[in-house]
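Undergrad: This is the structure I want to talk about, given as structure tokens.
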Amino acid sequence: MPWLLPLALFCCLVVLTQWITKHIQGIGYLLTGDGRVALILYFVLILPGVLVHEISHALAAWILRVRVRHLELGIRRKARGEQVALGSVHIAGTDPVRASLIGLAPLITGTAAILLISDLALGLRSLAAPGAHGFWQALRNTLQAPDFAIWAYLVFAIGNAMLPSAADRRSWVSALVFAAFLGALAYFSGLLRAVSTPLGQWMRVAANQLTYAFAVTVAVDLVMAVAAFVTEQALGLLGFGRLQYHRHS
């Protein structure tokens, strides 16, 4: 049950990220009339998050003793379809478990970065103070935090670039099968009962931290989505045109 809320927030984050990605590029296209330029503008906007994403892959590979062949930053069209990559880390062949952990690294690092920014720079934990007066006072303090706009932008950039890509998820099926095998082994051997209490406590703490990080990111994304929607509608009224978005784009 503690994992239902972070899972729901993660799903919201996936939907918001896809929507924002399309519509920010749409705004760039309306302003410039050039899809390539619109993509470059989006890349520049999200660059801090792309850096965190790719460095996380490389660092995880180094920790797991998997050779990193090279790291790329920049717009690159994928072999199939119209999708593009904003960066990539090429690693040597390895087993599915280590490949899955390397693929998961940006989500872990991004979540940790958002937690640090939320606590140390924005003081968002104080929003949990009891009472309406305490909440609004804490919210005012957060909005008046030094360099609030910069920290909020970093949450946006990191949060919208930390989601695992299709390439990151490639080895997850094999890793999940292996994890299920280990879980069954622990259950039938009695080991699971021995560690169930500390494991349950750790999972509750992890779920709470993920809930907090995802909630902060979703809140920032909602503000950005509203701003993007208003901007796009305003450009339409000013004669820049309107775009039709397709699900596969």
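The numbers here are math on the coordinates, done by the rules we state, and not lab data. Given the structure is predicted, the values throughout are model-derived calculations rather than measurements. Positions of Cβ are backbone-derived with ideal geometry, glycine not excepted, and every protein chain shown enters the neighbour counts.
Undergrad: Identify the trypsin sites (Lys or Arg not before Pro) of the stretch 33-116 meeting these criteria: DSSP loop state and at most 15 other C-beta atoms within 10 Å of the C-beta.
TA: Qualifying residues, ordered by number: ARG65, ARG67, LYS78, ARG80.
Undergrad: To the nearest 0.05, how large is the calculated FRET efficiency for PHE148 and PHE240 if R₀ is 35 Å and r is the Cβ-Cβ distance?
TA: Efficiency computed from Cβ-Cβ geometry: 0.70.
Undergrad: Under the Karplus relation 6.51 cos²θ - 1.76 cosθ + 1.60, θ = phi - 60°, what is the ordered set of whole-Hz ³J(HN,Hα) values for the stretch 104-109, x standing for Gly and Pro?
TA: Those phi angles translate into 7, 3, x, 5, 5, 5 Hz.
Undergrad: Which far-off residues, 5 or more places away or on another chain, put their amide H under 5 Å from the one on ILE91, with H placed in the peptide plane?
TA: When sequence neighbours closer than 5 places are left aside, the close amide H contacts are ARG69.
Undergrad: Arrange the following residues from fewest to most other Cβ atoms within 10 Å of their Cβ: PHE10, PHE240, PHE214.
TA: PHE240, PHE10, PHE214
Undergrad: Additional query: What ranking of ASP119, ASP147 emerges when the number of other C-beta atoms within 10 Å of each C-beta is taken as an exposure proxy, fewest first?
TA: ASP147, ASP119
Undergrad: Just want the ordering: TYR153, TYR29, from fewest to most Cβ atoms lying within 10 Å of their own Cβ.
TA: TYR153, TYR29
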